[in-house]
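Remarks on the structure that follows.
The values are calculated or read from the model by the stated rules, or taken from the named source; none is laboratory data. These figures come from a predicted structure and were not determined experimentally. Every residue, glycine among them, receives a Cβ derived from its backbone with ideal geometry; neighbour counts consider all protein chains shown. Accessible surface is based on the protein model in full, side chains and every heavy atom, while ligands, DNA and RNA are left aside. Shrake-Rupley method; radii C 1.70, N 1.55, O 1.52, S 1.80 Å.
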Amino acid sequence: MLIRLTTWKNSDSGISSWDWNLSGQHSTYHALFPRAWTVYDGEPDPDLKISCRQISPFIPHDYKDSSLPTSVFVYTLVNTGRDRAKVSLLMTWANSIGGFSHNSGGHYNEPFIAEDGVSGVLLHHKTAKDNPPVTFAVAACETQNVNVTVLPVFGLSGENHVSAKEMWNTMQQNGHFDRENFSAGSSMPSSPGQKLCAAVSASTWVEPHGRCTVVFALAWSSPKVKFQKGCTYNRRYTQFYGTSEKSAVNLVHDALTKYKLWEEEIEKWQNPILKDERLPEWYKFTLFNELYFLVAGGTVWTDGQPPAIDEKNSPGSIQQKSSKRGTKDTKQGSVKDNHVNLTVEQVPHGGQMTNSDDHSVSKFAAVHGSQMQEQVNGLKSEEPIPYLISKDGPEHVGKFLYLEGVEYIMWNTYDVHFYASFALLDLFPKIELSIQRDFANAVLYEDRRKVKFLADGTSGIRKVKGAVPHDLGTHDPWHEMNAYNIHDTSKWKDLNPKFVLQIYRDFAATGDMQFGRDVWPAVCAAMDYMDQFDRDGDGLIENDGFPDQTYDAWTVHGISAYCGCLWLAALQAAATMAHRLGDRHFAEKYKLKFIKAKAVYEAKLWNGSYFNYDSGTSSNSRSIQADQLAGQWYTASSGLPPLFDEHKIRTALQKIFEFNVMKVKGGRMGAVNGMTPKGKVDETCMQSREIWTGVTYAVAANMLLHGMEHQGFTTAEGIFIAGWSEEGYGYWFQTPEGWTTDGHYRSLVYMRPLAIWAIQYAVSPPKAILEAPKVNLMDRIHISPHMARAISEISIRKIAPDNRCFPSSAFHCEC
C-alpha cells in the first residue's frame, strides 16, 4: 500500500514503475474539515478494506496546537478474508517545495528515532534567494504490532542513490526496509538537478476478520517567514517549539502522540452542530468545509515579536548586508523611510491608549499634526509606527494574516474580512480582536509616500489619517499598507463604517471592555473622517460617482442603499458604544446624526418594497441589490435595535429572495448581486451580474436573523448546489469570490465565503449577545439642546486639514 503525497515526471526508474493496482473505482473521499476520510474498499486487495483518516489540529480556542504545522494519517485495516494478511504501508515524500529551489541542490535527508516509538526521516530543504529553510519530518509510530523501517534516501533516476523502482521492488519482496538504515546518518547534499526522496514503511499482520491501526504523520518546520521587502518574523508555533530545524522531530512526535486528544476536542466542537436537527444536512458539512480557507488562504501566523530587518531590502535604508531583530531602540533611518507618522495621543502603550485627564475620550477623534514628541510611553520617536502595529497585543496570540484570495494577494483585506470575520470571532476570538487592533492602530497612522491609482491615473498618498486601510499590504505587511491601487480607498465609503461595525460587534460578542476602551479613539477618528462625505449636512454620506466600495467595478451615485445602510448602522453602533464607555458627547452627537440620516435614507431610497440601489438617475438606480441591508445584518448580529421598521426589513429581504435568488435558475445558484425590477439580471457591469458566494451567505444570515428560515437556508443552499454538490461546478475547497449565471467563476480560493459562519452566528448567537439586557441603549442617550443646535448649525469637521499631509482634493470642508 502507498500513501503517495507527491507526483513527478514519469521515467522508467521513477514512480511510473510502481505497480499500484489501484483503479479508484471502489475508493471514496469524505471531508468534514479539519478531518477527512479516504476509503479503499477492496482495492488494491479484494480482501482488505482500508480507510485513511486525515487529521489537522484545527481546534477552536486552542491557540497553541492550532498553530502547529502538522497532519496525521490514521489507517484502519480490516481483513475480510479467511487468511492472516501481512500489510505494509509506505509513506513517501520528496525533498522539495517546488519553485526555484526544486533543482538547486544542497538538500539532504537523515533518519531519526524519537521517543514513544516514533521514527522516520527528516528532509532538510535549502530554499533559494536567501529564503528561510524548510525541514520536513515523515514518521510513523511503532507499536507491539506495527514495525517501522525507513529508506532515508532514494532518487527518481537512480543516480548516486537507490532508484524509485528499486525501492518499490524491495517493498514488494520484503515488505520493509533494513533496520540498519536508522544508523545511516545524514545523506550527502544533493547536486543541482538531483531530486531526493524518502520513504517510511509500517508493517503489520492482520488476523482474519480482524482490524489493525497504523498511524503516520507529517510535519514541516519552517520557523521563519520572510516578506519580499526584508522583514522576517518567527511563526507562532516557534513560541512553543523554538526555531531549530530539528523541531520538526518534536512536532511530528507530538502529532503522533496527541492526535486522539485533538480528535476528542474536534468532536466536542462539531457534534452539537452535527446533531442539531434544525439544520439542513448539506449546511452542516459545508459550514465546516468552508473553514479550509483559514489554513489554505496563504495564512501567516507570527509569534507577535518584532521582525528581523534585512536592511539591504528595506526601502529608504542605507544599503548594508547586516540583518537585525528590531527593538525599541531601532532607528527609523535603518528600518523604514520617514514618511510615516502618528500623533502624540495616538501612540499605543501595550495596546492601550493612555489618557491622563478626565475629558471625553472622543478628543482623540481629531487627527492633529504629524510629529510625535521626543519620548512617548517609553518608545523613542524614531521608531516607525507601523513597526508598533506588527507587535503582539493584549490577547497574546501573535499576529495573524490571511490573503483576500490566491489571485488577489493582499493581507487581511478589510472590506472582505467584514464578511469572513464571523468565522474567527466564533472560533478564535482572540485572533479576531488582534486583527481589529491592527486596523485600529492603522486608522491613526499616515503614510505620505505617493501612489498612482490605476482606475483614473491620479496620484495620492498611500495611507491617509483617519481612513481605514483596504488591506495591511502585500510585500511588507503592517509596514506598507494598501497594496490595492485600483482606486484611492481613502475615498471609499464602506471601509470606515465596516470598521466601526466590526469593532462594536466584537465588543458586544466578547464583552471585552478593555478592548472597547483601547480601540475607541480609532472609532472616533474613523467616524469623524466620514463627515467630509456628508456634503449637504443631512447626516448621510454620499457616494461620488465611481465604484467607491467593495463592489469596485459597480459605480454608485449619491446616496446608496449599501453604503448608506452601513453608515446608518455605524452611527447607531458608535453612539451605543460611546454610551457604554461613558463618552456622553460622542453618544449625543451620533445619535442625533443617526436620527437625521435615517429619515433621509428612507425618504430617498425606500420605494415600497425595497431600497433603491442609489438615489441617482442612472439606468440601474432602481436595481435590487442583494446586499442592500448589510448594515442591518450587522445591527441584528450585534444585538442592536433594527434600523428600520421590521415590516420594511422583511419586505426588502423577501424581494431579494423572490428576485435575486429565485429568478436565477430557480434559486439553485445563490443571490445575484443586482436584479432589475423587471426580473432581469442587472447587466450594468461585471459585478452587478455576478453571484458572490460570501454575500449570498451574508444575505441568508440576515434572513435568518429576521425569522425567515426557509428563505435563508434556500438562499444559502444555492451556493452549496453550485459550488459543493456533485451536480455543481466542482469548486469544493476552492470556493471562488463569485460566478455568473452560467457558472463561470472569478477568483478561486477566496476569503469572503467564510461568511457562512455568519449563518451559524445567527442560529446560535454568542452568550454575551443572548444574555445582554433587552434594553434599547439608544433610548438612554439624551440629546441636550446645545448639542442639537450645534449639529444643525455647524458643518462639522473634526479632522483638521493639513496641507503637508493631505492632497487638496481629499477634503471639502469649511475650516
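Bridgeable aspartates and glutamates around residue 126 (alpha carbons under 18 Å apart, same-chain partners fewer than 8 residues away excluded): 110, 245. Full extension of the segment from residue 264 to residue 733, taken as 0.36 nm per residue of separation minus the current Cα-Cα distance, would add 166.4 nm.
Spin-label model, residue 295/residue 475: points 7 Å from Cα along the beta carbon direction are separated by 3.2 nm. Partners of residue 680 within straight-line reach, counting aspartates and glutamates whose Cα lies under 20 Å from its Cα and excluding those fewer than 8 residues away in the same chain: 614, 627, 658, 690, 742.
Spacing of the modelled spin labels on residue 143 and residue 37, each 7 Å from Cα toward Cβ, amounts to 1.8 nm. Between residue 116 and residue 25, the simple spin-label model (points 7 angstrom out along Cα→Cβ) gives 4.2 nm.
In segment 18-262, the alpha-carbon atoms span a convex hull of 142 Å³ per residue. Would you mind classifying segment 400-767 by shape? Square roots of the alpha carbon gyration tensor eigenvalues, ordered a ≥ b ≥ c; an a/c under 1.5 is rounded, otherwise it is prolate if a/b is larger than b/c and oblate if not. Rounded shape, in that the Cα axes give a/c under 1.5.
Just the protein heavy atoms count here, and of the accessible area of segment 18-262 at 1.4 Å, carbon and sulfur take up 47 percent. Surface analysis of segment 400-767 yields an accessible area of 27 Å² per residue, using protein heavy atoms and a 1.4 Å probe. Over 24 Å apart at the Cα level, from the set 129/229; 226/452; 258/767; 498/598; 226/399; 284/498, are 226/452; 258/767; 284/498. Over 26 Å apart at the Cα level, from the set 64/260; 195/246; 589/655; 593/663; 224/430; 591/648, are 589/655; 593/663.
Given the C-alpha atoms of segment 235-284, compute the convex hull and give its volume per residue in Å³. Residue-normalised Cα hull volume stands at 117 Å³. In the context of the full set of protein chains, segment 18-262 has a per residue accessible area of 43 Å² (1.4 Å probe). A straight chain from residue 274 to residue 604 at 0.36 nm per residue would run longer than the Cα-Cα distance by 114.3 nm. Share of pairwise Cα-Cα distances greater than 17 Å in segment 537-646 is 53 percent (whole percent). Taking every Cα-Cα distance in segment 1-144 and sorting them into 10 Å bins starting at zero, the pair-distance distribution P(r) comes out as 9, 29, 37, 22, 4, 0 percent. Sorting 498, 86 on solvent-accessible area from highest to lowest, probe radius 1.4 Å, gives 86, 498.
Counting only aspartates and glutamates at least 8 places from residue 275 when in the same chain, those with an alpha carbon closer than 15 Å to its own are 267.
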